[in-house]
Each structure stands twice: as C-alpha cells, then as structure tokens.
1. Provide 89, 210 in ascending order of the number of other Cβ atoms located within 10 Å of each residue's Cβ, fewest first.
2. Between residue 98 and residue 58, what FRET efficiency follows from the Cβ-Cβ distance if R0 is 51 Å, with the result rounded to 0.05?
3. Counting other C-beta atoms within 10 Å, which of 204, 7, 184 has the fewest, and how do the rest follow?
4. Treat each spin label as a single point 7 Å out from the Cα along the C-beta direction, and report the residue 150 to residue 278 distance in nm.
5. As an exercise, use a Förster radius of 35 Å and the Cβ-Cβ distance of residue 259 and residue 89 to find the FRET efficiency, rounded to the nearest 0.05.
6. Give the order of 263, 203, 171 when sorted by the count of other beta carbons within 10 angstrom, beginning with the fewest.
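Derivation of every value follows stated rules applied to the coordinates shown; laboratory data play no part. Remember, predicted model here, so these are calculated numbers, not experimental data. Note: ideal-geometry Cβ built from the backbone for every residue, glycine included; neighbour counts use all protein chains shown.
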C-alpha cells in the first residue's frame, strides 16, 4: 500500500474516534444520557376501609398447638383396714388384673381373752375362747404392672399409706392453650387429633379434660375450675391430675390409644376442632370490633350513610367470624373494625370515652392513627 494511503487510513480512524467522543459529550450535556425524572408521583396504596358484602359460608374452628406425651400416673394400692400383713401373693413386675388379690391383712382381735374373773365359789372361770382372726384381702384397683410392693408378713399397714403402685402403661398428650385462645374452646371440643414428631401418622386422641377457662356445659370462656376427667373407661385413677390449668394458660389432655407406640417426653402437635357451623352469616374478623359474644361493625346503608351496629358473634377460625344476630346476608359493611374512642391515643380529641389526664400508653392497645386501631380490631385476633 502506498505511504500516502496508509496515512489516509490512520487519519480516518482518528476522525471516527473523535466524532464518537464528541457525540457522547453532546448527548450528556443535553440530558440524553440520563432520562428526565418523572414529574408524576409514584402510586400510593389505598389503605382506606372498603365496603364489602356480607355473605354466608362455613367456619371450622380448629386450634393447632404444641403437645407433649406424658405417662399416666401410677395408681396406688391401699388397704381398706388397718392390720398386719398375713400373706403376700404377688411381686413387683407381675401383671395383675383388676380385683386380683395382692396381699391379705390380719385385723386386730377385739378381745384376746385372759382367763376370766373368779366366780362366787372362788374358782376361776374357764378362759374365754379367742375369736377367730379376721382376714381381708387387698386387691388391685386397676389392671397393669405391679410396682413399689415392699410389704412383708407381719408388717403393720394402714389405709393412709399405699402398699404398692400399679403402672397401667397408658399415655396421654397434654397441650397448653394460651389465655387469648381460651374463647376458641367454646363447648366441649368435638375432635382431637394428635401428630407425633417422627412418629405414627396422625390419629384421634380421646378427650380427657380441658382446664380452667372453659365450661364443660357449653359456656364460652367462663372462669373457674376445669372440667374433670371425661374418659368413659370407668376405672379409678384414669384422669390423675389432668386438666385445671388456671392462670393465663389452660391444659387440654387426651388419651393416646394403646395401639399407638409412643414414649413419655416426645413432642407433637394437637389439632383441636372446637366447633363448626354451616350456612352461617360470616364476616372477616378484621371488620369486627371484638371477637367473642358481642361486637360492633360499621354498616353502610342504602343511602351511603355509615352506622356503628352491635352484633352477636359466634365462633371464629382466626380469619372469619360467625354473626348470629345483627347482620343479614347482602348487608354492606366496612372491611375494617370501627375505632373505640376509649382507646384513642392521649391528646387525640375523643367523644368523652377517655380521660385526658391518663398516662401515655405504649401503643399496645392504641386505637389511633399510629397504633393500628384502624387497621385491625382492638382485640388481638386469635389463631
């Protein structure tokens, strides 16, 4: 290639590079390299309450809680009479059946006889005949394995102290229900199922008892003593110390079938179906101020006016709640619970429900703009 042609090619390359650099600078200077910022504001989510239509549906109220397996307490074996051990027929580790004799007890004689007093003629009476010793049996109150038997012949025993224990080889599952969930127990639970961690597939678990806070006669959340043992087996010692949680928590106890292989101390989940309704008027729980028995909703009339209305509540599943009175299918309500001025933030004007001198709240029950009272019911939703 001639020398002049080589120089011409180099000059063309340099000119192309300069043109590219200059063009980029011009575009940057005129804003083409960075697009203009949009003048319109970004869309903002609309969090205002929305009208919804009341419908009918079904609710299955089910609590799923942690559970632990416990062995049934041993059943004590006691004598009904005080006396001395006459004979022992069983030993520790043996299987016994209900009513089987474990040992016998010799009762003390009422009069051993001492020869009698002298008669009028000075001769002694014949010695009184010793009464025959009375022997009573101590039997097994339930069937199971005999343990703790340490009675020996001639040993004195009394009814206040057990002479042995019987291990029935039975297990129960115990679940603790938090206080805020107690209302969900409603009537006596309909069904209890148990799933053991790394164990058998879920199985039915017969209800034995549920503790303080739930009435055995259908009351909703009545305080006081818990229901007693509910097992229909009829044997003594069946319930042991079940139920009766008291305080902030209550216990639900169920009988694990003997066909299931479990061990004391293992954990699992207990699913408690407390109640169910079909073809009932239901609304979102977030639309109701209150969760149990009584509540309030915001009803929208045909003319668009809003009205706070009292309603009677049934069961809920943590998301929806049954309305037994106060609403009908087709009514329109707001999907957010009405505020209660009694729980407004300090300093916010109210309608007389609160005391302006009350100390500041930490927001836990705040119903104002910052406390979430407009976004959720005042009461914490269960489940």
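1. Ranked by crowding around the Cβ, least crowded first: 89, 210.
2. Values: r = 45 Å, r/R0 = 0.88.
E(calc), rounded to 0.05, equals 0.70.
3. Values: 204 14, 7 10, 184 26.
Ascending number of Cβ neighbours within 10 Å: 7, 204, 184.
4. 6.0
5. Numbers: r = 31 Å, r/R0 = 0.89.
Efficiency for this residue pair is about 0.65.
6. On the way: 263 10, 203 14, 171 19.
By the 10 Å Cβ count, ascending: 263, 203, 171.
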